[in-house]
1. With labels modelled as points extended 7 Å from the Cα through the Cβ direction, what inter-label distance (nm, one decimal) is found for residue 45 paired with residue 131?
2. Would you list the membrane-span-like helices of the chain, meaning whole DSSP H runs whose alpha-carbon atoms span at least 30 Å along their axis and whose mean Kyte-Doolittle value is at least 0.5?
3. Tell me, what is the per residue accessible area of the chain in Å², probe radius 1.4 Å?
4. Take peptides 143-153, 59-69 and line them up by average Cβ neighbours within 10 Å, highest first, as a rough protection proxy.
5. Taking the mean number of other Cβ atoms within 10 Å as a proxy for protection, how do you rank 37-49, 87-99 from highest to lowest?
6. Report the relative contact order of the chain, percent, no decimals, based on alpha-carbon pairs under 8 angstrom and at least 6 residues apart.
7. Tell me, what % of the accessible area of the chain is carbon and sulfur with a 1.4 angstrom probe?
8. How much accessible surface does residue 121 have with a 1.4 Å probe, in Å² rounded to 10?
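The values are calculated or read from the model by the stated rules, or taken from the named source; none is laboratory data. Everything numeric here is computed off the predicted structure, so don't read it as measured data. Cβ placement follows ideal geometry from the backbone for every residue including glycine, while neighbour counts extend to all protein chains displayed. Calculation scope for accessible area: heavy atoms of the full protein, side chains included, ligands and nucleic acids excluded. Shrake-Rupley method; radii C 1.70, N 1.55, O 1.52, S 1.80 Å.
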Amino acid sequence: MSKPVYRPDIDGLRAFAVTSVVLFHAGLPFIPSGFVGVDIFFVISGYLIGGIIFREVHHQEFSFANFYARRARRILPALVCVVSIICICGCVLLTQAELLELASSSSAALVGISNIKFFLRNDYFDSDSSLLPMLMTWSLGVEEQFYLLFPLLLLALKRLNNEKTELVLAVISVVSFLSSLILTTTHPAAAFYLLPPRA
């Protein structure tokens, strides 16, 4: 399989995404929302990593072991470092109840379900959400759940009917997008945190 080509335009999108998120968290009044930066990250990740999975499945080169080993090498060192530092600081700065909540959210982050935990327990848009140091890991949970299910879907489609793969993916994309539009109005937390409207 050919090596992916470097895309400077995607690096430009990454820069825009990072800048919007950083400026939002800096509290600048003219940046009312950094969420568009997270959305851009999802699109970039889906395009690049989803494309790799798609090509590997198509060429019968996909390996769960290799794929998840690559994901672990890319994600786990930084995640474990951040979680460790926050937990060490938490032991000094937090009350016992806050420390228990931190332990719970850290565990959820490490197993890729923090988006579900925060969907069930918190509202990202509450003022208190800025006091949850692991809240930033919700987007990683969405990604990891997607990359658990997407290869399984592609492998199942290839086995059942390879010619309909792109059509099925298009239908799923449209349904996901429509569910996002509907839930943004009716259940914004679900639209924000959960995989189906984010897929």
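1. My value for the distance between the label points is 2.8 nm.
2. Sorted by number, the helices that extend far enough and score high enough are 35-58, 64-93, 138-161, 165-186.
3. 62 Å²
4. Going by the mean number of other Cβ atoms within 10 Å, highest first, we get 143-153, 59-69.
5. Order by mean packing, descending: 37-49, 87-99.
6. 16 percent
7. Whole-percent figure for carbon plus sulfur exposure: 69.
8. The accessible area of residue 121 comes to roughly 150 Å².
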